[in-house]
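Read-outs: derived from the displayed coordinates by stated rules, not from any lab. Please read all numbers here as calculations on a predicted model, not as lab measurements. With ideal geometry, Cβ positions are generated from the backbone for all residues, glycine too; neighbour counts draw on all protein chains shown.
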Amino acid sequence: MALDILLLGPPGAGKGTQAKRIEDDHAIPQISTGDMLREAIASGGGLGRQVAPIVERGDLVSDELIVAVMRDRLERSDTRDGFILDGFPRTIPQAEALDQMLDSIGRSLAMVLEFELEEDEAVDRLMGRAVEEGRTDDDPDVIRHRFVVWREQTLPLTEYYTEQGVRVALDADQSVDEVYEVIAAELQQRS
């Protein structure tokens, strides 16, 4: 059975860090829409030019576009044994599209790990990351805007996945190792 996992939580909650650890331990790919979009922007192609102004403002790329990008990515052979989604879905329509994609191939999410973290702590983390990595989407005004967008469009996914019975809440205000211990225990129960 495939280990299909979704990471959910506010910007700066540590999803990418934990996704890399899951990827290493379970040999399934991390699929980060943020990374995919940043790569597209850096390449200067049509998709990159289309999404660059959206990402720079801290807004979400349209459901239609991101669903198409994600459908293409999930069809690759490296996802056969599972995947870790980081940054998709971000809206209820995207979640419904993901459910339909997975259902069409006889799969479903094994679990949704929701990283819970206070906004002030997440902002502090993002500001540190901006300095370390030079990320243009980690500008203070863009960060605050990303939280507004997250609260309005992504936070409703908490209820969506709770109703499906796959949501696991994680206290992300702990050390990386402490958070991963909880994740590892959850993964062991489901594999």
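Annotations
- Note on the stretch 3-178: antiparallel DSSP beta bridges, both residues inside, total approximately 0 percent of the bridges counted.
- For 32, 62, the sequence from fewest to most other C-beta atoms within 10 Å is 62, 32.
- With both labels modelled 7 Å from their Cα along Cα-to-Cβ, the residue 158 to residue 100 distance reads 2.8 nm.
- For the stretch 138-152, 3J(HN,Hα) computed residue by residue from phi via the Karplus equation (6.51, -1.76, 1.60; θ = phi - 60°) reads 10, 6, x, 5, 5, 4, 4, 5, 4, 5, 4, 4, 4, 4, 6 Hz, glycine and proline entered as x.
- Per residue of the chain, the DSSP helices (runs of n ≥ 4 H) give a summed -39500 (n - 2.57) that works out to -17500 deg cm²/dmol at 222 nm.
- Residues whose amide H lies under 5 Å from that of residue 82, counting only those 5 or more places away or on a different chain, are 3; hydrogens are built 1.01 Å from N in the peptide plane.
- If only the Cβ of Lys and Arg carry +1 and only the Cβ of Asp and Glu carry -1, the dipole of the stretch 61-149 around its Cα centre is close to 420 debye.
- Part-to-part distance (alpha-carbon centres) for the stretch 112-191 and the stretch 34-94, which is given in Å: 18
- Test item: Cα-centred dipole of the chain, Lys/Arg +1 and Asp/Glu -1 on Cβ, debye: 660
- Per-selection Rg to Rh, the chain - Cα, Kirkwood hydrodynamic radius: 0.93
- Length-normalised contact order for the chain - Cα pairs under 8 Å, 6+ apart - percent: 34
- Since only 27, 101, 161 are under comparison, the one whose Cα sits farthest along the positive direction of the charge dipole of the chain, derived from C-beta charges on Lys, Arg, Asp and Glu, is 101.
- Globularity index of the stretch 59-138, i.e. its alpha-carbon radius of gyration over 2.2 N^0.38 Å: 1.32
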